[in-house]
Every structure is written in C-alpha cells, then in structure tokens.
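Engineer: Please find one structure pasted underneath; my questions will follow.
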Amino acid sequence: MKVKRLVLGALILVSILVLVAWIAGTLLTAPVPRKIGSLPEDLRGQSVEFASESGSQIHGWFLPGRTGQGLVIIMHGVRASRLDMVDRGRFLSWAGYAVLLFDFQAHGESPGKNITFGFLESRDARAAVAFARNVAPQEKIGVIGVSMGGAAALLAEPPISIDALVLEQVYPILHDAIGDRISMRLGEWSRVLTPLLAWQLLPRLGVSDTELRPLDHVGKITAPKFFVGGASDRHTTPEELRRMFDAAAEPRELWIIPGARHVDLSRFAKADYEKRILSFFGKHLSATP
C-alpha cells in the first residue's frame, strides 16, 4: 500500500510539472502584438512592409542615409519590437547610415502565430536583407542582432549575405538558454526541468531544440563579426559568449562589458557602445571611414 501511494504521488507530481511546463511554454511562445505608432519626429524616414517566407508581412521603418556610408539592419530581441531599437537607429542615422528597423513575425505589428526563438524569425532576417539589397543596391549592409535577433541572423539558411555583423547577447544553444533562465528563477536544481520545456518545441513550433543552435552556424558567416555581451549576464553568460566567439571564423572582435547584465547595452554603456559600433561599421561598411 505504501509503495502504491509513493507511485501515485510521483505520478501526480510529474503530471503537475508537465502541466506547469506546458502553461509556461504557452506563455513564452505567445505572440506579442504591439501598436507601434509613427516614426519619432527627430528621425527622417518612412514606414515599409515586405513579405517573408515565415508567412508574415513584416512591418518596419526605413531611414535613408548618406550615399556610400552603408546600411544597417537592426534586429530586436524576443518579446521586443523595433521601438526598443530606436536608440540604435538614431545614432546610426545621425552618423549617415541608412537604417532598417523592423518587427519580427509575432512581434510588434508583424503578424504571427508563435514566437519561435529564431526559427521562423531567421526567414524574416533573410527577407530584411533582401529588402535592403533592393532599396539600396549600392550600399554595403551590416546587421545588429540583439539576443533572438542575432540568433535569427545566424540560423538563416542559406547564410545571409552581408558585410558586417554585430551579435549582442546571442544564445549559443537554445537548450542551454532555457536552463540558464530556469535556474535564475528557481535555482540550479531546476535545470532538470529543461527537457519539459524543450520537448514542446516540436509539437508547438515544428522545430526541435537540436535545430536551434546558432553555435553550429556562426562559423559559416564569413563577414566580420563583433560579439558583445555583459560580464554579469546570466541569460547569455560570458562563457557562452566566448564559446560563440571561439567558434566564429575570422575576422572577429569581442567586447565583454564590465558590470552589464542582460540589459539594453546601448543604454548601459551608451558612449562607449556608440563609439565602438561606429568604429566597427566604419571599417567594414563605409566608403570613407
């Protein structure tokens, strides 16, 4: 009788954990629509739309720049939108770069059924590069990919054809990223729950966590790369950032910002961030650095 009660208790506990994990998965993959509004008054540009193979009609802003300076596409992180990237767009625009900001599918004003942590978003990344090539065929193209935005840029198949890539706080392997986030909230023991979230990807999104490994793709990008992260980041740890850097092909640069957590690095280290980003793109995009 005692054994039966123990078995029953274990089954109930497992059922509760599975239910909680399923609810958490529902919340994490739910779309985050957001009314964006007009382009800020201090920026000159226009609203744009373009189709993506993700099935979404992608909404964004295009800011024209100085001929020969280059064009930068800014790709936001998970559960964010182009509004969260305006500060980056602003200083790049003021420096003369053309800028494309857009909402990934299931974010902002771009429709979508689920957030897919870089899977469908990688198709949006390719569509954004194609749009940029069409609207400014004479310009070299750079990308800033923040967190999921960087993962989307790396996961694109075939690899996106660009001239420079900034990768901020990008997870190397989604399975590990799930474990990092669970352990932050519940403690290290909770990493054992990672499979309960990871297994949902295939039935929910049509992709397994083994396919969401930007680490396996970063070596395919031959363009110059600039890796940026925080020394105190627990979402994408410095060790994970270095792992990505080590897997990348040359040319590559690395900047780990002292004291920075998983925050908006363009605000946390504003002056240094802008100086370093402008220097990087000046070397690789601009006709006259």
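Engineer: Anything in the range 59-111 that is of a type in the set (A, V, I, L, M) and over 16 Å from the mean Cα position of the chain (by Cα)? List them, or say none.
Structural biologist: Going through the range 59-111, the residues of a type in the set (A, V, I, L, M) turn out to be 63, 71-75, 78, 80, 83, 85-86, 92, 95, 98-101, 106.
63, 71, 92, 95, 98, 99 - these are the residues of the range 59-111 that are of a type in the set (A, V, I, L, M) and over 16 Å from the mean Cα position of the chain (by Cα).
Engineer: I need the full set of residues from the range 246-289 which are at pLDDT below 95, over 19 Å from residue 222 (Cα atoms) and over 21 Å from the mean Cα position of the chain (by Cα), in order please.
Structural biologist: Within the range 246-289, 287, 288, 289 qualify.
Engineer: Of everything in the range 82-129 that's buried (at least 23 other Cβ atoms within 10 Å of the Cβ) and of a type in the set (Asp, Glu), which residue is farthest from residue 200 (Cα to Cα)?
Structural biologist: Going through the qualifying residues, I end up with 103.
Engineer: Same structure again: Suppose we filter the range 82-94 for residues that are among the aliphatic types (A, V, I, L, M) and in contact with a Ser or Thr (Cβ under 9 Å, 6 or more places away or on another chain); how many remain? Before the answer, list the steps.
Structural biologist: Looking only at the range 82-94, we keep the residues that are among the aliphatic types (A, V, I, L, M), and these are 83, 85-86, 92.
Then keep just the ones that are in contact with a Ser or Thr (Cβ under 9 Å, 6 or more places away or on another chain); that gives 85.
Count: 1.
Engineer: May I pose another question? With the condition kept exactly as written, say whether any residue in the range 270-282 is more than 15 Å from residue 167 (Cβ to Cβ), in the same structural domain as residue 86 (by TED's automatic domain parsing) and among the β-branched types (Val, Ile, Thr).
Structural biologist: no
Engineer: Any idea which residue in the range 49-58 is farthest from residue 280 (Cα to Cα), counting only those that are in contact (Cβ under 8 Å) with a residue 24 or more places away in the chain and surrounded by fewer than 22 Cβ atoms within 10 Å (Cβ to Cβ)?
Structural biologist: Our first condition is that a residue be in contact (Cβ under 8 Å) with a residue 24 or more places away in the chain; within the range 49-58, this holds for 50-58.
With surrounded by fewer than 22 Cβ atoms within 10 Å (Cβ to Cβ) added as a condition, the list becomes 50-51, 53, 55, 57.
Numbers: 50: 28, 51: 30, 53: 30, 55: 33, 57: 31 Å.
Of everything passing the filter in the range 49-58, 55 is farthest from residue 280 (Cα to Cα).
The values are calculated or read from the model by the stated rules, or taken from the named source; none is laboratory data. Predicted, not measured: the structure shown is a model, and the values here were computed from it. As a convention, Cβ positions derive from the backbone with ideal geometry for all residues, glycine included, and neighbour counts pool all protein chains shown.
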